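Since the structure comes first, as structure tokens, the remarks are kept for the end.
Every number here is computed from the coordinates shown, using simple stated rules; none is lab data. Computed from a predicted model, the values in this text were never measured in an experiment. No Cβ is skipped: glycine too gets one built from the backbone with ideal geometry, and neighbour counts run over all protein chains shown.
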Amino acid sequence: MIATKSKIKPLGEYLLEAGLLSPDRLKIALDKQKNTSLRLGELLSSLGWVSQETIEYLIDLVAIVSIAILFIYKRMLRESRGSSKITNLTL
């Protein structure tokens with residue numbers, strides 16, 4: 001049996017971790033976002049705080065990593081069939 005723990009974080013968390021946005025600016029953007037229909041990346045880009053290209057790169061990167069994790073998980077699941085081993089995959 002394989003147990004997984006995986007969570008895709010909100011865009012703002014990735015930007016904070018990468019040092020591309022300060023916590024103060026993220027809070028301001030999230031507050032402004034409540035009064036608009038814009039997505040966070042669109043809002044940050046319109047404010048000039050993060051480029052649209054950077055937003056798209058991060059989103060693509062998260063998607064690629066998620067697909068890779070899914071591929072690894074499925075492979076481990078196939079390999080564990082018929083085995084009584086318990087494997088934990090923490091992501």
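Roughly speaking, what is the stretch gain from Asp31 to Ile69, that is 0.36 nm per residue apart minus the C-alpha to C-alpha distance, in nm to one decimal?
Gain on stretching Asp31 to Ile69: 10.4 nm.
Run through region 6-43 and list the trypsin sites (Lys or Arg not before Pro) located in a DSSP loop whose Cβ has at most 16 other Cβ atoms within 10 Å.
Sites meeting the loop and neighbour criteria: Lys7, Lys34, Arg39.
Counting other beta carbons within 10 Å of each residue's own, what order do Tyr57, Tyr14 fall into, fewest first?
Tyr57, Tyr14
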